[in-house]
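Only one structure is covered here, and it is reproduced in the block below.
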Amino acid sequence: MSKEEKLNDDLIFTCPDCGKHRLECCEDGAYSSEVIGIDEEGDFDYGEIDASGIVVRFQCLECGFILTRKFEGCGEYDITNVEEVIKWIKENCEQPESYIGHRGTDDNADS
Ligand SMILES: [Zn+2]
């Protein structure tokens, strides 16, 4: 399947702290990988797969803001599950009306 087609379904992460759009998946041990595509159905694309498979948190790649969820009576915990990430993004990140094509595949814009 082509990447261009897939992009249509992608959600955009926007960091509430720094406003950037890069999400990182941190895993047990020294592993982490950038999440480059977030499908509403929970199909994530990762930049590099060298992970342990045990997710410990999702965070902003730029500033380290950690995605958390609060439950009444249960305090706050770090989100580790893709469905929670999708919920979080829908609740916390505005999706532009026409975000199709917004995400580029090259990274030479800011570095
Ligand atoms: Zn940030």
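Note on segment 19-70: Cα-only Rg and Dmax are 10.7, 30 Å. The amide H of F65, built 1.01 Å from its N in the peptide plane, has C60 as neighbours under 5 Å, considering only residues 5 or more places off or on other chains.
Bear in mind that the values in this text are calculations on the coordinates, not laboratory data. Keep in mind it's a predicted model, so treat the numbers as computed, not measured.
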